[in-house]
Amino acid sequence: MSEDSHPFERFLRDGMMPHIWCEGCGNGIILNCFVRALKDIEIDVNKVVVVSGIGCIGRLSGYTNTDSYHTTHGRAIAFATGAKLANPELKTVVISGDGDLFAIGGNHFIHAARRNVDIQVICANNFNYGMTGGQYGPTTPLKAWTTTTPYGNIEHPFNLVHLAAASGAVYVARWTTLHVRRLTESIKKVLQKEGFSFIEVITPCPEIYGRRNKMATGIEMMNWFKTAAEIRNASDPAEAEISPEKIVVGEFIDAEKPTYDHLLREMMKQVQERIRGEK
Amino acid sequence: MPLRLWRKPLDSEKIKIPEGEVHVLKDRCKGCGFCIEFCPKEVLEQSEEFNIKGVHPPQVKEETVCILCSFCEAVCPDFAIFSVKKDCKGGC
């Protein structure tokens, strides 16, 4: 191997590196884990579609050397559902942020999970709207400081894993960007799984969120994950809290359920047979 | 558990710890320092030189202690560092 070529170079689009993300941002680690998972399971990259919404992590779809969609704000899951139903052979992965998936696109998320559409959702949770200047969002922890909550946040945050589990997702996990091995294993698992799968990744955002919350560098935020993270596989996602003292991570749900596209195609077949029989 | 009570794995003599070689793509580094902070063997350190972005990229402090865990490669957000198995021409 030559000294100036990274082993993942062929999974990254030509001329797109270096990416736009800040120093200390965890989005690059999610991209790294995702391409490592693609490499490890030796999946045909022409059969993978990466769909992303608006936000810092939305840029990710432009960096992977797969087919990709960079969609309108909050509608990544809607586009992904369309792509999946049009061509069921595709592996459709939605990689987007917490604001995009749960504030603007909240309804798309819960209903795609309820229908069990066969798409894989990876959500980068950085606790705020990073790209637009650090406004508070649906995942900002209580009492956290952001640009629009200068006296501390008084709204209770969403528990994303509990929401996904309650909406009917067949695979639910949460990791931080420090758990690179477990995150890669999770991504590998969902790429080989059928049904609505959800992975929440807690991401450091030192420039926008961290420095207003006494964690000014990426290393400080990663050290917070290191000391606070507690792995509890197969535990109740309702109790998976995120607080300054404790971040409960792990693989919460891994189940099987008939998918929407499977049921749809089955019904189409039955109806077509009935119509032919009547003629 | 106290250290003296740790049992030695039965195959510990057969298993050879691999030796790694770390490569840094200096101009891609943004200087977040994750690789230096989280290397379990403390192989890396910050260098004195500046790269094209004006940050100090990591450099290898002690190459002989690298065990090829590739954590630096996995945790790098900028695809700027990777490790490969050491070329064993001399027999290692």
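Yes or no, residue by residue, for (1) of a type in the set (Gly, Ala, Ser); (2) touching a strand residue (DSSP E or B) at 6+ places or on another chain (Cβ under 7 Å); (3) over 26 Å from B:Val55 (Cα atoms):
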position: A:His6; (1), (2), (3): no, yes, no
position: A:Gly24; (1), (2), (3): yes, no, no
position: A:Asn27; (1), (2), (3): no, yes, no
position: A:Val45; (1), (2), (3): no, no, yes
position: A:Thr71; (1), (2), (3): no, yes, yes
position: A:Gly97; (1), (2), (3): yes, yes, yes
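All of (1) within 26 Å of A:Thr139 (Cα to Cα); (2) among the aliphatic types (A, V, I, L, M); (3) away from every other protein chain (no Cβ under 14 Å) hold for A:Leu85 with one exception: (1). Restricting attention to the range B:33-67, the residues being touching a residue at least 40 places away in the same chain (Cβ under 8 Å) and surrounded by fewer than 19 Cβ atoms within 10 Å (Cβ to Cβ) number 3. How about the range B:17-32: which of its residues are surrounded by fewer than 21 Cβ atoms within 10 Å (Cβ to Cβ) and closer than 26 Å to A:Met215 by Cβ? Within the range B:17-32, B:Arg28, B:Gly31 qualify.
For the range A:242-272, a tally of residues being of a type in the set (Phe, Trp, Tyr) and closer than 12 Å to A:Arg174 by Cβ returns 1. Here A:Ala124 meets each of (1) in a loop (DSSP other than H, G, I, E, B); (2) hydrophobic (A, V, I, L, M, F, W, C); (3) in contact with a strand residue (DSSP E or B) (Cβ under 7 Å, 6 or more places away or on another chain) with one exception, condition (1).
Applying the criterion of at least 1 residues that are within 14 Å of chain B (Cβ to nearest Cβ) to the strands (runs of 3 or more DSSP E) found wholly in the range A:166-274 leaves A:171-176, A:197-202, A:229-231.
For the range A:142-166, a residue qualifies if it is more than 19 Å from the chain's Cα centre (by Cα) and surrounded by 15 or more Cβ atoms within 10 Å (Cβ to Cβ), and the qualifying residues are A:Ala144, A:Trp145, A:Thr146, A:Thr147, A:Thr149, A:Asn153.
Selection over the range A:260-275 of residues that are within 23 Å of A:Ala112 (Cα to Cα) and not basic (Lys, Arg) gives a count of 8. Put simply, of B:Ile36, B:Ile52 the only residue that is within 23 Å of A:Glu207 (Cα to Cα), in contact with a Pro (Cβ under 7 Å, 6 or more places away or on another chain) and among the β-branched types (Val, Ile, Thr) is B:Ile36. Any residue in the range A:17-34 that is away from every other protein chain (no Cβ under 12 Å) and either within 17 Å of A:Leu183 (Cβ to Cβ) or not β-branched (Val, Ile, Thr) (or both)? Among the residues of the range A:17-34, not one is away from every other protein chain (no Cβ under 12 Å) and either within 17 Å of A:Leu183 (Cβ to Cβ) or not β-branched (Val, Ile, Thr) (or both), which makes the answer no. Residue pairs whose Cβ atoms lie under 8 Å apart, sitting 6 or more positions apart in sequence or on different chains, and linking a residue in the range B:70-85 that is facing chain A (nearest Cβ under 9 Å) to a partner that is acidic (Asp, Glu) and part of a strand (DSSP E or B), are B:Val84/B:Glu21.
For the range B:21-56, the tally of residues that are of a type outside the set (A, V, I, L, M, F, W, C), within 14 Å of the chain's Cα centre (by Cα) and within 13 Å of chain A (Cβ to nearest Cβ) stands at 6.
Every read-out reported here was derived from the displayed coordinates using simple, explicitly stated rules and does not represent laboratory data. Not measured: the values here are computed from a predicted model. Cβ sites come from the backbone with ideal geometry, for glycine too, and all protein chains shown count toward neighbours.
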